[in-house]
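First up is the structure itself, then whatever we jot down about it.
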Amino acid sequence: MVARVDPDMPDPDAPDPAALAAALVEERVGGRFWSPQEDPWTRAAPGDEEAALVHGLRHGGECGPAVAERIMAGAHCRDPFSGAPMGWIAAVRLLGKWRRLIESNRRFSAIFGIAGWKRETVDAMLWDGTGPVRYRVCAAGLRGGDVTLSWVARAPAGLGKALEAIGAQQGEIEDGFIRSSGLGADCVPPFSVIFDELGSYVDPSRESGLERILAGGGIAEEFLERAAALRADLVAKGVSKYGAASGGAVLPPKTRRRVLVTGQVEDDRAVVLGGAGLDNLALLERARGLEPGAEIIYKPHPDVEAGHRKGRISDDFILKYADRIERGAPISALLGEVDGVHVISSLAGFEALLRGVEVVTHGVPFYAGWGLTRDLGAVPERRKRLVSLDEMAAAALILYPRYLDPVTRLPCPVEVLVERMAAGQAGADGALVRLRRMQGVVLRVLGIR
């Protein structure tokens, strides 16, 4: 990130040494700040060169700018994601974000239910500077007040009750909303993960961290501006949860109102907890009843189509209510050619909102109840605040998840992952991925899924 170069090379930031010194102190960046055992900012007195430099910065006066000048001498910064020149202040702010991420991970006493193939990316988002991530298989040794995180669908049986008996706090882990170029069901590791200490955004029966952000309001203007730019970028690049689309129109010219109905994995927690008791066939039937004159397009869920998950409907049943089944076209491309979307609790409804498409929710997804959708499910009374589309995007895509750059394997802003996905750099094609895809084909052929 810092390169020794010709000292006459221009710096795009060129900060005043006093400003750089102040930024270093504010972010507590310098030395091996990521290690609690070696962090020079926590030492009472300087014991080596790193600690001496930090001591000089902390005591301010003329000493702080002198230390900052010494740090900048003969060097400049490069953006770790693009390699482009980067200002010193911007570099310090990025390092400060990494410090806060690392320190926040020290709150977690145990992590449950993360499959081995996911850990190659999840580890980097959970590392706390002290050693390996604290993966566990049981509640033994934990105490009341310990904060735990679980991928509930893969956690050991009875874990929730055991943690409740101890008095441990139970948070949850879910994939982020912009995940990877490829399916989780095919064992493509996630480059976006949500670690929610309150619960899961798919469970409308209790508050989640995302709901708390939206209900609280007060999202800073800088995040709203980023959200507006991000929405435009997602549409322009055709990026959705599982990759980027390319090409033009995927449907014949429209002759009447056109509605997309999206299938879901029927035993997924988003449907079990927030699906209002509906399945994919019931959704189709209800959509036709509400849209008698519309052209209805049904898109099965990709995990179901891949043969890994429950939710398949025979084509004969689908075509009783839909005019067309669309299996091949990516969701981001379809959303550009429809007037409305009907969902149970699918993320497709959120992606439709980002593209300005009308959304009808039949279950209770996280984006229902905030004034952006037509809601037919029983939305919790907690969701009383009307939010803007940029607030929703800022909360769900910028403030709530964590992201990992597929190229450098460093924690990154969402914009970096979007760029990598658009460039086809956020997928995987190892032996396990190929095996899972083959397995899905076999299960479909045998009619098991």
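The values are calculated or read from the model by the stated rules, or taken from the named source; none is laboratory data. This structure is a prediction, so every number in the text was calculated from the model and none was measured. All Cβ positions, glycine included, derive from the backbone under ideal geometry; neighbour counts span all protein chains shown.
Taken over the range 15-61, residues that are modelled with pLDDT of 90 or more and among the acidic types (D, E) amount to 2.
Matching residues to (1) modelled with pLDDT of 95 or more; (2) in the same structural domain as P411 (by TED's automatic domain parsing); (3) closer than 30 Å to P330 by Cα:
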site: G167; (1), (2), (3): yes, no, no
site: P189; (1), (2), (3): no, no, yes
site: A228; (1), (2), (3): yes, yes, yes
site: D233; (1), (2), (3): yes, yes, yes
site: G247; (1), (2), (3): no, yes, yes
site: L251; (1), (2), (3): no, yes, yes
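Residues that are more than 25 Å from the chain's Cα centre (by Cα), over 14 Å from H301 (Cα atoms) and in the same structural domain as T262 (by TED's automatic domain parsing): which helices (runs of 4 or more DSSP H) entirely in the range 312-367 hold 2 or more of them?
On the way: elements: 315-318, 331-335, 347-354.
Output list reads 315-318.
Residues in the range 111-135 that are crowded, with 16+ Cβ neighbours inside 10 Å, charged (D, E, K, R) and part of a helix (DSSP H, G or I): K118, R119, D123. In this structure, G275 qualifies as buried (at least 19 other Cβ atoms within 10 Å of the Cβ) and either of a type outside the set (D, E) or at pLDDT 90 or above (or both). Of all the numbered requirements in (1) in a helix (DSSP H, G or I); (2) modelled with pLDDT of 60 or more; (3) of a type outside the set (K, R); (4) surrounded by fewer than 22 Cβ atoms within 10 Å (Cβ to Cβ), V441 misses one, and that requirement is (2).
The listed residues are S346, S314, and the only one of them that is of a type outside the set (D, E) and within 26 Å of S388 (Cα to Cα) turns out to be S346.
Residue by residue, here is whether (1) small (G, A, S); (2) touching a residue at least 40 places away in the same chain (Cβ under 8 Å) holds:
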position: T148; (1), (2): no, yes
position: E164; (1), (2): no, no
position: I173; (1), (2): no, yes
position: S181; (1), (2): yes, yes
position: F195; (1), (2): no, yes
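Screening R226 against (1) farther than 27 Å from G275 by Cα; (2) touching a residue at least 60 places away in the same chain (Cβ under 8 Å); (3) surrounded by fewer than 19 Cβ atoms within 10 Å (Cβ to Cβ) leaves a single unmet condition, (3).
Does the range 96-110 include one or more residues that are part of a helix (DSSP H, G or I), modelled with pLDDT of 90 or more and hydroxyl-bearing (S, T, Y)? Yes: the range 96-110 contains one or more residues that are part of a helix (DSSP H, G or I), modelled with pLDDT of 90 or more and hydroxyl-bearing (S, T, Y).
Being of a type in the set (A, V, I, L, M, F, W, C), surrounded by 12 or more Cβ atoms within 10 Å (Cβ to Cβ) and outside any loop (DSSP other than H, G, I, E, B) is the filter here; which residues of the range 154-178 pass it?
L159, A162, L163, I166, I173
Restricting attention to the range 376-395, which residues are under 16 Å from G356 (Cβ atoms) and either surrounded by fewer than 21 Cβ atoms within 10 Å (Cβ to Cβ) or of a type outside the set (D, E, K, R) (or both)? Correct list: V387, S388, L389, D390, M392, A393.
Can you pull out every residue in the range 67-93 that is surrounded by 15 or more Cβ atoms within 10 Å (Cβ to Cβ), in a helix (DSSP H, G or I) and in contact with a Pro (Cβ under 8 Å, 6 or more places away or on another chain)? The answer is A68, M72, W88, I89.
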